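A short write-up of the structure that comes next.
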Amino acid sequence: MGGAVALSLTPASAAVKFPWSKSKAETTKQPAKPTRAQKKEIARVGRDVQRLESILANVKTSAKLSDKSWKSFANEADVLANRIYANVKSATTEKNPIHAAEQLRTHVQNMKKEAAKRDYRSTRRHAERALSVAAQLDEWSS
């Protein structure tokens, strides 16, 4: 009777899986659905971004504007960029849109400074940079 008994040991990773339990891969963090208030904030961001994009496009492509028009465009863009930043911060905790809103605000503030100095070449350059960031936020909000 010298027979050997073979024991089958299962590895620890081959645990019993019940159909009603979720695996670790299934329980990874997924973005939470936005609430109604967050959806309103995101929609507001979208409207403001579209309005800002039209202002920035005008600044970028306008051949000749008066000093008063430059300052008016810059002031309105600054107000919109600050409002966009505040609304993005209150609507989401995602890092990418918040970072984009910060960049947008910075470019618009720099644009406003350059318009006050009457350096319209730099003003257009900052408007172009702000426009590319605004496009990212427009995509996020839609």
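Every number here is computed from the coordinates shown, using simple stated rules; none is lab data. For clarity, every value in this text was computed on a predicted model and none was experimentally measured. In this analysis, Cβ positions are derived from the backbone assuming ideal geometry, glycine residues included, and neighbour counts consider all displayed protein chains.
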Fill in the blank from the handout: Note: E139 to K113 extended length (0.36 nm per residue) minus current alpha-carbon separation gives 6.6 nm
Completion exercise
Around E53 (Cβ within 12 Å, Cβ-to-Cβ, excluding E53; K/R +1, D/E -1) the net charge comes to -1
Handout entry: Contour excess over end-to-end distance, with Cα ends at S54 and Q38 and 0.36 nm allotted per residue
Key = 3.3 nm
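If I stretch the segment between E128 and K95 completely, what's the gain in nm (0.36 nm per residue apart, minus their alpha carbon distance), one decimal?
Extending this stretch completely gives an extra 9.6 nm.
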